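Enquirer: Pasting in a structure now, in structure tokens, and then I'll have a few things to ask.
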Amino acid sequence: MNVKPKKHLGQHFLKDLETCEKIAKQVNFHRGCKRVLEIGPGMGALTDFLKSHDGIELYLVDIDAESIEYLHQKYPLMGDRIIYADFLRQDLKEIMGEEPFIVAGNFPYNISTQIVFRTLEFRHQIPEFSGMFQKEVAERICEKKGSKTYGILSVLAQAFYHAEYLFTVDEHVFNPPPKVKSGVMRLRRKEDFSL
């Protein structure tokens, strides 16, 4: 079974394993947190490398029913940690409880900004957030004060997190290839933030 990328969901599946491994290696398990929520795993290309970390408790959330069916077949032992839901509308406490968790993924470009805002709502539970965005969005989040692209997204993210732009990803490593380059970035929560 293969999952067909759906344009209306903004799906561009990673097909290059070297890129997947490189993204997975950016997860730092901030403050020893070993619970990870991957958003939009698709066919599990990145998931395979996230799962390879020792002691990880991995959860997958996807809005695509076909992807969910595929993931249940690929990872039968994950059971109810494969969740058919819209990350933007799902009550994350129902999935993750009250414990801290890291957010990771190859995020759909059409909702990537909303994913950041949603993460900020749960910042007290999310010590680390890393993954792939459209390059311009990743750069904007990580931009420093005084630059042309520094804006509301930069201000809000950097009020609570240290933002790092990690590397650029070319279009050809996706199916279908997007029309823009992608950027991988990481947010690590500041030690002294206040709720």
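The values are calculated or read from the model by the stated rules, or taken from the named source; none is laboratory data. Quantities reported herein were computed from a predicted structural model and do not represent experimental measurements. Methodologically, a virtual Cβ is constructed for each residue, glycine included, from the backbone with ideal geometry; neighbour enumeration extends over all protein chains shown. Side chains are part of the model used for accessible areas, which takes the heavy atoms of the whole protein and leaves out ligands, DNA and RNA. Shrake-Rupley method; radii C 1.70, N 1.55, O 1.52, S 1.80 Å.
Enquirer: Tally the residues that are farther than 24 Å from Thr19 by Cα, open to solvent by 50 Å² or more (accessible area, probe 1.4 Å) and under 15 Å from the mean Cα position of the chain (by Cα), restricting the search to region 115-166.
Expert: 2
Enquirer: Just the residues that are under 12 Å from Ile82 (Cα atoms) and open to solvent by 20 Å² or more (accessible area, probe 1.4 Å), please, taken from region 30-42.
Expert: If the condition is that a residue be under 12 Å from Ile82 (Cα atoms) and open to solvent by 20 Å² or more (accessible area, probe 1.4 Å), then Gly40 is the only one that fits.
Enquirer: Being part of a helix (DSSP H, G or I) and at pLDDT below 80 is the filter; apply it to region 1-29 and report the residue that is most open to solvent (accessible area, probe 1.4 Å).
Expert: Lys7
Enquirer: Give me the pairs: first residue in region 128-151 and on the phi > 0 side of the Ramachandran plot, second residue polar (S, T, N, Q) and open to solvent by 20 Å² or more (accessible area, probe 1.4 Å), beta-carbon distance under 7 Å, and six or more apart or on different chains, which are they?
Expert: That search, which allows pairs on different chains as well, returns Gly131/Asn106.
Enquirer: What do you reckon, is Asp48 over 30 Å from Lys190 (Cβ atoms), among the charged types (D, E, K, R) and open to solvent by less than 60 Å² (accessible area, probe 1.4 Å)?
Expert: No: the conditions fail for Asp48.
Enquirer: Taking only region 88-112 into account, find how many residues are open to solvent by 10 Å² or more (accessible area, probe 1.4 Å) and either of a type outside the set (Val, Ile, Thr) or touching a strand residue (DSSP E or B) at 6+ places or on another chain (Cβ under 7 Å) (or both).
Expert: Going through region 88-112 one residue at a time, the tally reaches 15.
Enquirer: Could you say whether any residue in region 148-162 is part of a strand (DSSP E or B) and under 21 Å from Phe117 (Cβ atoms)?
Expert: Step one: of region 148-162, the residues part of a strand (DSSP E or B) are 161-162.
Next, from what is left, pick out any that are under 21 Å from Phe117 (Cβ atoms): 161-162.
Yes; the residues of region 148-162 include at least one that is part of a strand (DSSP E or B) and under 21 Å from Phe117 (Cβ atoms).
Enquirer: Going by what's in this entry, would Glu139 be described as assigned to a helix (DSSP H, G or I), over 23 Å from Glu69 (Cα atoms) and not small (Gly, Ala, Ser)?
Expert: yes
Enquirer: Report yes if Asp54 is farther than 21 Å from Met132 by Cα, modelled with pLDDT of 95 or more and either open to solvent by 10 Å² or more (accessible area, probe 1.4 Å) or assigned to a loop (DSSP other than H, G, I, E, B) (or both), otherwise no.
Expert: On the way: farther than 21 Å from Met132 by Cα: yes; modelled with pLDDT of 95 or more: no; either open to solvent by 10 Å² or more (accessible area, probe 1.4 Å) or assigned to a loop (DSSP other than H, G, I, E, B) (or both): yes.
For Asp54, the condition - farther than 21 Å from Met132 by Cα, modelled with pLDDT of 95 or more and either open to solvent by 10 Å² or more (accessible area, probe 1.4 Å) or assigned to a loop (DSSP other than H, G, I, E, B) (or both) - is not met.
Enquirer: Can you name the residue in region 57-79 that is among the aliphatic types (A, V, I, L, M) and part of a helix (DSSP H, G or I) and, of all such residues, is most open to solvent (accessible area, probe 1.4 Å)?
Expert: Of everything passing the filter in region 57-79, Leu77 is most open to solvent (accessible area, probe 1.4 Å).
Enquirer: Within region 86-133, restricting attention to residues that are assigned to a helix (DSSP H, G or I) and among the basic types (Lys, Arg), which residue is nearest to Gly151 (Cα to Cα)?
Expert: Selected residue: Arg118.
Enquirer: Within region 169-177, is there a residue that is modelled with pLDDT under 95, within 28 Å of Lys4 (Cα to Cα), open to solvent by 60 Å² or more (accessible area, probe 1.4 Å) and in a strand (DSSP E or B)?
Expert: Looking through region 169-177, at least one residue is modelled with pLDDT under 95, within 28 Å of Lys4 (Cα to Cα), open to solvent by 60 Å² or more (accessible area, probe 1.4 Å) and in a strand (DSSP E or B).
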